[in-house]
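Report on one structure; see the data block that follows.
Where a number appears in this text, it was derived from the coordinates with a stated rule and is not lab data. Every value quoted in this text rests on a predicted model; they were computed, and no experiment measured them. Every residue, glycine among them, receives a Cβ derived from its backbone with ideal geometry; neighbour counts consider all protein chains shown.
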Amino acid sequence: MRRLLCFILTLALALSCMALAEETSLTMNTPGETVRPGRAVMLSFTAPAEGAAELRVENAQGQTVSVVAKNFAAVSGYNALWWNGTYQGVPAPQGDYLLVLSLNGETASAPVAIGPNAPYLTQLDADNTLATPDAPVTVTCYASEAGEIAVGLLQGENWMELTRTPVEEGWQTYVWQTELYTLLGLEDGDASLTFQLIDAGGDESTEEHLALTLSGFSTPQPLSTEEIAAGPDGQGGADLLVEEVTEEPEAPAAEQQVFTPAYGSPYQTDTTLNYWTLPMDITNEAAVWEVLMQPITVLDDGGKKDSQHKRQIVMRAQPSADSAGVGVVTNLTQSVHVLEAGDEWTLVECYSSSFYDSKVKRWNQLVQGYVPTKYLKQVTPDSSMGIVVDKLTQRLYIFKDGALYDTLLCSTGLSNAKQPYNETRSGEFLLQNPAVGGWQDGNMVCELGIRFNGGDLIHQVPALVSSSGSKDYSTLAKKLGTKASHGCIRVQRNKTPKGTNMKWIWDNRQDEIKIIIWEDWQGRQIPIPEDDTVLYYNPSDGSLYHTSSFCYSAPKVTFEPFTYGQLEEEPFSKLKRCGYCTPPLRVGEIEEINAVYAPGGDHDPILTEARRKQLESEGLAD
């Protein structure tokens with residue numbers, strides 16, 4: 001399975017025939033065409049000597065907006081490489097920039113235009129790679145937009161087109177009917193199926209290849225083109241079976257895209273296990289616990305204590321206080337990922353904690369910038385427990401004694417066009433004591449609040465207060481499990497079978513408990529539970545399904561078991577999820593979320609547009 005064409009094709013041509021004269025300087029050549037992310041173009045430069053080169057894309061302020069290659073093995077003379085306009089799965093932003101080349105202490109640059117994304121195919125996968133006449137090969141892939149897919153067969157220098165079929169955006173399935181090609185004189189051995197997406201305007205994606213081994217195809221008498229087209233039943237041969245796809249196919253687990261909090265960062269050299277390199281997989285309990293217990297690096301500006309947890313420190317584009325701001329870090333509670341330490345300035349990265357009144361408005365963007373080295377401070381978190389919040393699943397996970405202890409429903413921030421800062425900032429934080437407690441906002445009362453990031457707190461799901469003074473928790477509790485807050489993390493009030501809820505967290509709080517928040521990167525998917533996962537229900541007119549035989553929703557009832565695979569069967573198909581014990585979503589609900597987060601999409605176009613407008617207002621975007 002392929003990523004969002006996020007590889008950098010470092011095909012060094014190294015044409016030594018263009019030997020350099022001694023006076024040749026480092027030169028970056030201007031690309032001959034607009035770079036459209038998703039389609040590879042050739043970049044070239046000349047170098048006076050060999051060495052490890054770095055190529056990046058910078059804006060007019062000297063900020064890196066994308067990376068082409070790091071540690072490229074340059075030779076003395078002419079060098080060339082292919083780039084498809086992305087780095088670590090993130091397309092370069094559209095606009096006019098500079099290609100900057102660094103080699104052996106020298107730099108060179110050339111203008112480059114980044115255009116809109118090109119059509120692309122991704123997550124190419126086959127059910128088998130040994131093709132025989134009696135074993136059709138089924139291929140799945142994801143098309144970034146509507147158009148048509150051209151499929152071909154390549155063997156050696158010979159290529160033939162198999163089909164060209166209209167498709168809609170989304171998942172596609174193609175079946176190569178191998179039995180139709182036994183008389184074409186194909187040679188047994190290595191071959192490739194080729195796939196290319198052509199959009200409505202005729203733009204083509206990069207040609208994707210799926211390696212096959214052919215066996216049992218050699219024969220001296222070829223079929224006619226008409227016989228191949230007709231197929232064995234006269235109804236046509238190979239085709240894209242778009243209408244027959246009923247669910248998004250899953251690629252083999254070993255080839256799944258690995259998402260970490262640093263996904264998309266141009267700096268991917270850290271090989272240690274920490275928050276930034278930890279795969280966002282809650283089932284890897286040992287690794288999650290290890291990260292929760294690790295010391296973290298925060299910034300301490302040494303200012304006044306009365307507002308120390310609300311102050312923010314600006315990250316700079318260059319190691320200078322006069323340089324432009326690229327993000328902000330909350331003092332004392334928010335961790336940073338140290339990339340390059342220096343005596344006076346240190347390069348770090350984090351998700352920018354931009355609020356409505358922040359000096360730099362980068363709404364939850366993963367940014368890299370310089371901070372004063374003297375501000376760096378290492379803090380060891382409390383060892384009694386740790387908390388993970390996943391913005392994809394909208395669940396809060398409590399860890400104790402090296403393992404997952406319990407799961408709670410939560411709601412993180414829901415941004416809108418006027419309030420993009422509502423998005424809960426991802427990252428690694430420390431819960432702070434003394435805790436805030438309760439407060440009232442209009443007719444909404446929030447209780448049990450614990451600060452972790454400036455104005456963001458973790459607190460109990462709010463209550464709506466009527467004119468008579470009564471509290472209604474049910475209205476906002478119904479939204480738990482979805483984004484709904486203004487940036488805080490709302491947590492369920494109902495007790496789980498273990499007795500945990502926000503009140504339990506409040507009662508067990510310690511100073512500097514670590515809480516990590518996982519970003520809902522586009523392309524992440526919620527796994528569907530195994531069919532044999534045990535659930536529970538009340539056979540005596542019960543209306544809910546549960547995760548345990550006991551639940552505080554009906555504490556006097558002992559529920560009976562059934563399996564997740566039976567959930568769509570009678571009498572279980574009418575059951576609703578319990579709001580106490582956080583049972584899993586139904587298959588259809590998971591698939592609906594996964595479709596929104598499918599590779600190539602945009603699960604939050606409102607926030608994307610708000611970010612674009614902010615950059616435009618600062619003169620950093622078209």
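Spatially, region 87-134 and region 414-490 are offset by 40 Å when compared through their Cα centroids. Dividing the summed helix terms, -39500 (n - 2.57) for each DSSP H run of n ≥ 4, by the number of residues in the chain produces a 222 nm estimate of -2000 deg cm²/dmol to the nearest 500. When you count the other C-beta atoms within 10 angstrom of each residue and take the mean per peptide, 156-166, 502-512, 47-57 line up highest first as 47-57, 502-512, 156-166.
Cross-link partners for LYS495 among the aspartates and glutamates, with Cα-Cα distance under 13 Å and sequence neighbours closer than 8 places in the same chain left out: ASP406. Residues whose amide H comes within less than 5 Å of that of LEU544, counting only those at least five positions distant or on another chain, are ASN538, LYS576 (H built at 1.01 Å from N in the peptide plane).
Close amide-amide hydrogen proximity is noted between THR563 and LEU535, each under 5 Å apart and 5 or more residues distant or on a separate chain (H modeled in the peptide plane; Pro and chain starts excluded). In sequence order, region 456-470 has phi-based couplings of 8, 10, 9, 7, 5, 3, x, 10, 8, 9, 7, 5, 8, x, 6 Hz under the Karplus curve 6.51 cos²θ - 1.76 cosθ + 1.60, θ = phi - 60°, and Gly or Pro positions carry x. Along its first, second and third principal axes, ordered by size, the chain spans 86, 73, 42 Å in Cα coordinates. Here the ratio of the Cα radius of gyration of region 376-521 to 2.2 N^0.38 Å is 1.01. What is the distance in Å between the Cα centroid of region 550-595 and that of region 270-318? So the two Cα centres are separated by 36 Å.
Taking a ≥ b ≥ c as the square roots of the eigenvalues of the Cα gyration tensor, region 256-336 is classed as oblate, since a/c reaches at least 1.5 and a/b does not exceed b/c.
Taking amide H as placed 1.01 Å from N in the peptide plane, the amide H of LYS391 sits under 5 Å from that of TRP518, ASP520, each at least 5 places away or on another chain. On a 18 Å Cα-Cα criterion, which of the cross-link pairs LYS471/LYS576; LYS310/LYS359; LYS391/LYS479 come out too long? Checking Cα-Cα distances, LYS471/LYS576 exceed 18 Å. With θ taken as phi - 60° and the Karplus curve 6.51 cos²θ - 1.76 cosθ + 1.60 applied, the whole-hertz 3J(HN,Hα) list for region 156-164 is x, 9, 9, 9, 10, 7, 8, 7, 9 Hz, x standing for glycine and proline. Annotation: the residues HIS546, HIS309, sorted from fewest to most other C-beta atoms within 10 Å of their own C-beta, follow the order HIS309, HIS546. Taken over the alpha carbons of region 27-114 as equal point scatterers, the Debye sum produces base-10 log I(q)/I(0) values at 0.11, 0.16, 0.17 Å⁻¹ of -0.26, -0.55, -0.63. Sequentially through region 561-576, phi angles give Karplus couplings (6.51, -1.76, 1.60; θ = phi - 60°) of x, 8, 10, 4, x, 8, 4, 8, 9, 6, x, 7, 5, 8, 6, 9 Hz, Gly and Pro residues having no value and appearing as x.
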